[in-house]
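Heads up: the structure comes next, in structure tokens.
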Amino acid sequence: MNFYLGIDFGTSGARAVVIDEQACIQAERRFPFEKSEISDLASSWERGLFSLLEQIPQQLRREIRAIAIN
């Protein structure tokens, strides 16, 4: 089965959603930023990205066919 990953970065945190071919959510994760991190969003986004990717179940990660980042 094919899965698709969407990642959204904001000023208060990042989130990721994995959906299947029928647009059903298979995994959803969040990474909130600490208030002290907001002044350095680039570093916060990098930490958030890697944290979100690690939190997605490995069996889903293997089948991700496309990624959208907002």
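The values are calculated or read from the model by the stated rules, or taken from the named source; none is laboratory data. Being a predicted model, the structure only gives us computed values, none of them experimental. Please note: Cβ atoms are built from the backbone with ideal geometry, for glycine as well, and neighbour counts cover all protein chains shown. For the accessible areas, the whole protein counts, side chains as well, though only heavy atoms, and no ligand, DNA or RNA atoms are used. Shrake-Rupley method; radii C 1.70, N 1.55, O 1.52, S 1.80 Å.
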Please list 3J(HN,Hα) in residue order for the range 7-15, calculated via the Karplus relation 6.51 cos²θ - 1.76 cosθ + 1.60 where θ = phi - 60°; whole Hz, with x for glycine and proline. 10, 10, 10, x, 7, 9, x, 10, 8
Highest-first arrangement of 57-65, 3-11, 23-31, where packing means the average Cβ count within 10 Å: 3-11, 23-31, 57-65
For the chain: rounded, prolate or oblate by the Cα gyration tensor [a/c cutoff 1.5]: prolate
Output the antiparallel fraction of DSSP beta bridges having both residues in the chain, as a percent to the nearest 5. 75
Using each residue's phi in the range 58-70, evaluate 6.51 cos²θ - 1.76 cosθ + 1.60 at θ = phi - 60° and report the 3J(HN,Hα) Karplus result to the nearest Hz, with x for Gly and Pro. 4, 5, 6, 4, 5, 9, 6, 10, 8, 10, 10, 10, 10
Leaving ligands, DNA and RNA out of it, report the carbon-plus-sulfur percent of the accessible area of the range 5-70 at a 1.4 Å probe. 51
Helix 41-55 against the longest principal axis of the chain: what's the angle in degrees, Cα atoms only, rounded to the nearest 10? 30
